[in-house]
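A short write-up of the structure that comes next.
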């Protein structure tokens, strides 16, 4: 396997300092984008729309838990599928943000929404050991329900609720610290789209390592589970994903 060239520390440090200039520029551009994000307009939504959680139906406004801001992740769902058949891409979002204490300290609440029926969602949440509040938004219109796979931000003004920002696709990556760490390693994420030096390991499809078999081998076949599920007490090997159709 090809590896980076070996140099003395001073040579390495000079190359590292050169890259640091670009990294700082990237950081400053990210700050500028965040500033523009804070200046986006907002749209009012129905804060009285009912969503279903562990305590039964509640108005969406309750998800703020008395705070003024709310971030939600909208988790895709396979109706009727067993735990191992649920979305491997969505799994890493709640797994990487298992505790929202630092959001709460800033006055921001966090919740997971999904279009699955609550009687299916509840045992999945218990199996995964998630501590965030989860809610079914089945039959609730967008932007609370509807298409999943989004990070969405809301602002409360008394009893009024506003959508201020949402992002999907790679826009959800900021929750996944593992991807940030992989981007710092010599071989990166191991995905085809990444620019690699000649001789580096050939990349694979995005997210190829998110689902593995019982031995840790990446597979999106019927013996695979989202990687985090193998850490759960009592988990067993499986032979079927138990799903048909597309995530929604």
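The values are calculated or read from the model by the stated rules, or taken from the named source; none is laboratory data. All figures in this text were calculated on a predicted structure; none of them were measured in a lab. Virtual Cβ from ideal backbone geometry, glycine too; neighbours counted across all protein chains shown.
For the range 12-43, name all the residues that are in a helix (DSSP H, G or I) and either touching a residue at least 40 places away in the same chain (Cβ under 8 Å) or in contact with a helix residue (DSSP H, G or I) (Cβ under 8 Å, 6 or more places away or on another chain) (or both).
Scanning the range 12-43 gives a single hit, 37.
Report, by residue number, each residue of the range 225-247 that is touching a helix residue (DSSP H, G or I) at 6+ places or on another chain (Cβ under 7 Å), more than 19 Å from residue 126 (Cβ to Cβ) and modelled with pLDDT under 90. Show your work before the answer.
The initial filter retains those residues of the range 225-247 that are touching a helix residue (DSSP H, G or I) at 6+ places or on another chain (Cβ under 7 Å), namely 225-226, 228-229, 232, 235, 238, 241-243.
Now narrow it down to the ones that are more than 19 Å from residue 126 (Cβ to Cβ): 241, 243.
Across the range 225-247, the qualifying residue is only 243.
Checking residue 54 against (1) in contact with a helix residue (DSSP H, G or I) (Cβ under 8 Å, 6 or more places away or on another chain); (2) surrounded by fewer than 20 Cβ atoms within 10 Å (Cβ to Cβ); (3) modelled with pLDDT under 95, which single condition isn't satisfied?
The one condition residue 54 does not meet is (3).
So that you can scan it fast, the table gives a plain yes or no per residue for (1) at pLDDT below 95; (2) farther than 26 Å from residue 207 by Cα; (3) buried (at least 20 other Cβ atoms within 10 Å of the Cβ); (4) out of contact with any strand residue (DSSP E or B) (no Cβ under 7 Å at 6 or more places or on another chain):
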position: 89; (1), (2), (3), (4): yes, no, no, yes
position: 109; (1), (2), (3), (4): no, yes, yes, no
position: 113; (1), (2), (3), (4): no, no, yes, no
position: 117; (1), (2), (3), (4): no, yes, no, no
position: 124; (1), (2), (3), (4): no, no, no, yes
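Out of 151, 163, 97, which single residue is in contact with a strand residue (DSSP E or B) (Cβ under 8 Å, 6 or more places away or on another chain) and at pLDDT below 95?
Numbers: 151 fails: at pLDDT below 95; 163 fails: at pLDDT below 95.
Among 151, 163, 97, only 97 is in contact with a strand residue (DSSP E or B) (Cβ under 8 Å, 6 or more places away or on another chain) and at pLDDT below 95.
In this structure, does residue 220 turn out to be in contact (Cβ under 8 Å) with a residue 40 or more places away in the chain, within 19 Å of the chain's Cα centre (by Cα) and assigned to a loop (DSSP other than H, G, I, E, B)? Full working, then the answer.
Values: in contact (Cβ under 8 Å) with a residue 40 or more places away in the chain: yes; within 19 Å of the chain's Cα centre (by Cα): yes; assigned to a loop (DSSP other than H, G, I, E, B): yes.
Yes.
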